[in-house]
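Derivation of every value follows stated rules applied to the coordinates shown; laboratory data play no part. Predicted, not measured: the structure shown is a model, and the values here were computed from it. So basically every Cβ, Gly included, is an ideal-geometry build from the backbone, and we count neighbours across all protein chains shown.
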């Protein structure tokens, strides 16, 4: 009897598997155009995301281009130790974490405020105008943004310094002062990205049931109370998701921005891991060192997002996984 039952189960599984394969083929034929759209992103991720994983082994090798990845000598964790023992390691780590957390603490609340403001705006044309202005800086490169910052903050003829001189003050070199430079980095990043970051929060706001606001109005709730007790709790899962995803790249403090606006006078507060890797790893052709630092950043990001997700999951009902 047991053999017969096992045989029947095996035959049932085989038939079920065959039917599933047929259904899959039919589904692919029926929606061939939709599946075709997946080809481009699939090829992109294979070439630029999965193939580099194979080349990541040069972090553990004395990589020589002529010898190739497989032919280069294995040196273990030498590149990692070189980075950890660097004289600037703690300074680089401090600056990187400072800018990463600073941008996170400023940009996310600003984006939420912008999204809620646009959502609550009772003048559609004005709201669209403000939304467009908020989006525009995202599409400008940091080269252009640096030019704008120079126009605003240049010590000689910058607009801000012209205002200071008009009121009898002394001009200030904001971009080369170690005290003002960090604030400029964080605020300029928030200004550039807040409009784009607000899109996901606006999408979440559109999904809130309007009857909740109507009931709150009937009960006499003010606009602030409706935002505090309805809007923010409703988009809390989205906020948690955005914060957790940002924590996954906590050691990415913004290479493009920093590379454009930092200078020798502010190295002590401006030099981050990515700029150091650019100078040491790429300009001096130490590709193994640059790859080792990239793996280190990825490992820290994975650890951070896992711990943060665990803590958030215990404290609230929202989590990324």
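For segment 168-304, the convex hull drawn through the C-alpha positions has a volume of 161 cubic angstrom per residue. Across the chain, C-alpha contacts under 8 Å between residues 6 or more apart give a mean separation that, scaled by the residue count, equals a relative contact order of 24 percent.
Distance from the alpha carbon centroid of segment 194-221 to that of segment 256-280 works out to 40 angstrom.
On the principal axes of its alpha-carbon atoms, segment 124-200 has extents of 42, 25, 19 Å, going from largest to smallest. Mean sequence separation of contacting Cα pairs (under 8 Å, at least six apart), scaled by the length of segment 201-321, corresponds to a relative contact order of 29 percent.
Highest mean packing first, where packing is the average number of other Cβ atoms within 10 Å per residue, the peptides 131-140, 42-51, 187-196 line up as 187-196, 131-140, 42-51.
When both segment 119-191 and segment 52-66 are represented by their alpha-carbon centers, they are found 42 Å apart. A protection proxy built from the mean count of other Cβ atoms within 10 Å ranks the segments 22-30, 220-228, 253-261, 297-305, most packed first, as 253-261, 297-305, 220-228, 22-30.
In terms of overall dimensions, the C-alpha atoms belonging to segment 164-210 reach 54, 23, 13 Å along their principal axes, ordered largest to smallest. With the highest mean first, a sort of the peptides 97-104, 264-271 on other beta-carbon atoms found within 10 angstrom per residue produces 97-104, 264-271. Kirkwood-type hydrodynamic radius, segment 78-315: 20.4 Å, calculated from all non-identical alpha-carbon pairs.
In terms of other Cβ atoms within 10 Å, 150, 118 run from fewest to most in the order 150, 118.
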